[in-house]
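Report on the following structure.
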Amino acid sequence: MEIVAFGVQADERRLLEHAFDGRHQIRSLDVFLNGDTAPIAAGYEIVSTAVNDELNAAVLQELAAGGTKMIAQRSTGYNNIDLRAAADLGLTVARVSAYSPYSVAEFAWGLALAVNRRIVRAANRTRNFDFRLDGLMGRDLRGRTVGVVGTGKIGEAFTRIAHGFGMRLLGWDIAENPACTELGMTYVDRDRLFAESDLISLHVPLLEDTRHLVGAKALAAMKDDAILVNSSRGGLVDTAALVATLKAGRLRGVGLDVYEEEAGLFFFDKSLEVVEDDTLARLMTFGNVLVTSHQAYFTEDAVGQIIDTTVANVEDHLAGRAGANFLVTPERRPAAGT
């Protein structure tokens, strides 16, 4: 079986090709799937995709017309896939339902620490042999309050690290995680979490109910010197409202590994181009904002698990099995509203 994989990062290629070696032939492409690149997939029964590929109805129709039967998404998130259209076209769609939660949780803490202690600013200065401490003062995290929005596996891992710092733990989720409660977490409503937290980290999926969860109202409720970290999905934060908040001189710092309009930007080299996204450009001008390129998951451990699960999903499809990772099959349509 020949498989084509879109959006394959250079460091990912070796792991992906090794995992499929001896099983199936795989064509790894660094280009992302969209309306322009979809014709490349003609003749491939299985197409493997990344989180920033575009799988709207038109792209899916192009794939189906070219003989594609399965979409094997190499991520947990799948908001880039029109599941209703996939079902109507008789396509199978599978994802990776879980991988190392520590990869994202640890990176989220990396963002929080870098923002709090002004590490990027300090590193840029010392490269120019400027060793002053002006403007680099941070603050201890011990004894301060962390608000964890979403306490699933990643949120739990983030909470365990916060507990190690000796922080007061607040959480919000649709259901309480007993492991977080045992660590001393108090579950509160979102308004209280935003109002009382010194550091807020987002670990919920992007759904209709969570889009712009951090909007103007939530930002207004936050402390003027709070830190916001988002390593989940860009659409959780209303970026225009965030820029307005920062322009008003509020928030100690912001660490973002995701951005709501990142498709077509993240994972690409835009250094020699004029970036036309004025909101992102303005966001990048703030000295207390750190933006990284959706790399929180990008460890050997997590990527290895993602690829292993993708291989298993492919094998299940070819064997006629539909496991827990399958979102859509010709016999299983997505739930209403998905």
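The values are calculated or read from the model by the stated rules, or taken from the named source; none is laboratory data. The structure displayed is predicted, hence computed values, not measured ones. Because the Cβ atoms are built from the backbone with ideal geometry, glycine has one as well, and the counts that use them run over all protein chains shown. Accessible surface is based on the protein model in full, side chains and every heavy atom, while ligands, DNA and RNA are left aside. Shrake-Rupley method; radii C 1.70, N 1.55, O 1.52, S 1.80 Å.
For the stretch 186-203, a residue qualifies if it is open to solvent by 10 Å² or more (accessible area, probe 1.4 Å) and of a type outside the set (D, E), and the qualifying residues are T186, Y187, V188, R190, R192, A195, H203.
Against the numbered list (1) on the phi < 0 side of the Ramachandran plot; (2) surrounded by fewer than 20 Cβ atoms within 10 Å (Cβ to Cβ), G143 comes up short only at (1). Is it true that R74 is in contact (Cβ under 8 Å) with a residue 60 or more places away in the chain and basic (K, R)? Yes, satisfied. As a summary of the residue check, D173 satisfies the conditions (1) within 26 Å of P101 (Cβ to Cβ); (2) over 21 Å from the mean Cα position of the chain (by Cα) except for the one numbered (2). Might you check whether a residue that is within 18 Å of the chain's Cα centre (by Cα) and modelled with pLDDT under 95 occurs anywhere in the stretch 270-289? For the stretch 270-289, residues within 18 Å of the chain's Cα centre (by Cα) and modelled with pLDDT under 95: absent.
For first residues located in the stretch 281-297 and more than 21 Å from A122 (Cα to Cα) and among the basic types (K, R), partners that are modelled with pLDDT of 95 or more and open to solvent by 50 Å² or more (accessible area, probe 1.4 Å) and lie 6+ apart or on another chain with Cβ distances below 9 Å form the pairs R282/K247.
When E17 is tested against the conditions (1) part of a loop (DSSP other than H, G, I, E, B); (2) under 17 Å from I306 (Cβ atoms); (3) at pLDDT below 95, the lone failure is (1). Once the stretch 271-302 is narrowed to residues that are of a type in the set (G, A, S) and outside any loop (DSSP other than H, G, I, E, B), the residue that is least open to solvent (accessible area, probe 1.4 Å) is A302. Just one of the numbered conditions (1) touching a strand residue (DSSP E or B) at 6+ places or on another chain (Cβ under 7 Å); (2) under 23 Å from T37 (Cβ atoms); (3) of a type in the set (A, V, I, L, M, F, W, C) is not true of F326: (2).
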